[in-house]
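Report on the structure given below.
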Amino acid sequence: MTMEWVNAIVQGTLLGGLYALFAAGLSLIFGVMRLVNIAHGDLIVMAAYLGLTVVSVLGIHPLLALVLVVPLMAGFGYVLQRAVLNRTLGDDLLPPLLVTFGLSVILQNGLLEVYSADPQKINAGVLETASVSVAGLSLGVLPLLTFAVALAVIWGLQWVFYHTALGRAFRAVSDNQDIAQLMGLNRRHIFGLAMALALGVTAIAGILLGIRTSFDPSIGGGRLIFGFEAVIIGGLGNLWGTLAGGVILGVAQTIGAKIDPGWQLLAGHIAFLVILAIRPNGLFPRISA
Amino acid sequence: MPEPLLQIAGLNAHYRDFQALYGLDMTVAAGEVLAIIGANGAGKTTFMRSISGLIANGSGQVKYQGRDISGLRADEVAALGIALVPEGRQLFRSLSVEENLIIGGQTGRKGPWNLAAVFALFPILKERRAVPATSLSGGQQQMVAIGRALMANPDLILFDEISLGLAPIIIRDIYAALPGIIGEGMSAMIVEQDISKALSVSDRLYCLQEGRISLEGASGAVSRADISRAYFGME
């Protein structure tokens, strides 16, 4: 009996890794340029479809497809930022919200047009079903791998932020755009690079999502909500907090599902609302909105 | 007469919805130090923002080294060698002291200023290089702001209200350091409320009043009476 609960918590923790990957890109974009990207979930789904296409055309393993999908999504992110999103940024928060909402609609319908509404899945062979037994618990290799990737991605982003010239530029632009510009940093280019990095992470999240569950063009909104909740629970601007937020969300969902299978999503949202009520800035906030 | 380093001709600029500058004309020669004085709201900060490219200007209004820079973005202006020490210091709060200085050198311009030179000028910054820049005292933060501008090895450095909000003893130290800073052939514009301080370090002065130049002259030659007339706009 106890073992079942421990199992639920462990499975939820691993699921939290995937949510943290959904959230990392959102967190990065908001942190650097105060842009709330409503299309983020649809970009995750787009990456999953891109992965699907690469896998079926080239006949390679989905994890190998990352080599193509990550740079493709990153390049798309840079162009999207320079050509569209930079024009919406200013003192007003509303234009970027409206434009990314519109982008979300366009992406969903575009995917529907190209791939139809049929649910799809990326085939990863034995990786999907392989499991290891640890202390009496049976853990899927894919969830373990996802969690490890989430740790690595967040560690990597953290390293970029605090130990590279690019990260210094991200932080400077985030602190004060005008003064950063005076230092010779072109914020439009820096924002483009931030979006490229965020969508590179999104590519990883999308492919892992596509291996884990079936997907169709309409599921972006749900992934966006999970990402948002993880970011808010963890506290804005703190990537390790985002991981913690993902884990809390994942654990709440699996525990909810354990009590009653219909409660999975509800339990996640309730955990989010409770934390928002107790700690409006999240658990580990680093920047003030 | 050689080509001036900076030539301002008929500069109009806006602060929010108001016109802040009306047809300003000004020249800065290479190696010259100008003082810009004027009451609050005279347009001094808008003027600094115009020159440094944070405000877009009409074509031909700002020429630098013979080139029209009126339409350039601030990062492009910075790359040409104009650096601003902004009012209120405005350090990057999530960057350490050292990172604030390094980012000042982002343009990659060559010259005498680098981390070691800035640390030699302000030794306290070397001691405190790893702490967040905004945890320093006001005077030390001003040193970082000055060092950050110097790291760009500018030909023209703009100081906007460097003594604002600082203790008199700190102001004295910073002004004592100024000749060493601008002695290297650099031109400077010093915006200042403290008129005697501004006069003591400058070659020429301009007084702004409600967006227009109300007085111009050699710093040693203008009288106190002229200045107060130009400053307040009354007899």
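Just a few scattered comments:
- B:GLY43 being touching an Asp or Glu at 6+ places or on another chain (Cβ under 9 Å), surrounded by fewer than 16 Cβ atoms within 10 Å (Cβ to Cβ) and modelled with pLDDT under 95: no
- Scan the range A:147-171 for residues that are in a helix (DSSP H, G or I) and either at the interface with chain B (Cβ under 7 Å from one of its Cβ atoms) or hydroxyl-bearing (Ser, Thr, Tyr) (or both) and the total you get is 3.
- Considering B:SER50, B:SER59, B:SER96, the condition of being within 18 Å of the chain's Cα centre (by Cα), more than 9 Å from chain A (Cβ to nearest Cβ) and among the polar types (S, T, N, Q) is satisfied by B:SER50 alone.
- If you go through the range B:189-235 and keep only what is free of Cβ contacts under 8 Å to residues at least 40 places away in the same chain and part of a helix (DSSP H, G or I), you end up with B:SER196, B:LYS197, B:SER200, B:ARG224, B:ALA225, B:ASP226, B:SER228, B:ARG229, B:ALA230.
- Only listed residue being touching a residue at least 24 places away in the same chain (Cβ under 8 Å), part of a helix (DSSP H, G or I) and more than 14 Å from chain A (Cβ to nearest Cβ), chosen from B:LEU125, B:LEU101: B:LEU125
- Lone qualifier among B:SER137, B:SER163 - being under 28 Å from B:SER200 (Cα atoms) and at pLDDT below 90: B:SER163
- Condition met for B:LEU72 (more than 10 Å from A:LEU182 (Cβ to Cβ) and either under 15 Å from the mean Cα position of the chain (by Cα) or at the interface with chain A (Cβ under 10 Å from one of its Cβ atoms) (or both)): no
- Listed conditions (1) within 10 Å of chain A (Cβ to nearest Cβ); (2) under 22 Å from B:ASN12 (Cα atoms); (3) modelled with pLDDT under 95 are all met by B:ARG89, apart from (2).
- Filtering A:TRP240, A:TRP263 for residues that are more than 15 Å from the chain's Cα centre (by Cα) and either farther than 19 Å from A:LEU209 by Cβ or in contact (Cβ under 8 Å) with a residue 60 or more places away in the chain (or both) leaves a single hit, A:TRP263.
- Residue match in the range A:121-131 (condition: outside any helix (DSSP H, G or I), within 17 Å of A:ILE44 (Cα to Cα) and touching a residue at least 12 places away in the same chain (Cβ under 8 Å)): yes
- Single match in B:ALA116, B:ALA83 (criterion: buried (at least 24 other Cβ atoms within 10 Å of the Cβ) and modelled with pLDDT of 95 or more): B:ALA83
The values are calculated or read from the model by the stated rules, or taken from the named source; none is laboratory data. Because the structure is predicted, anything quoted here is derived from the model rather than measured. Neighbour counts are summed over all protein chains in view; Cβ atoms, including those assigned to glycine, are modelled from backbone coordinates with ideal geometry.
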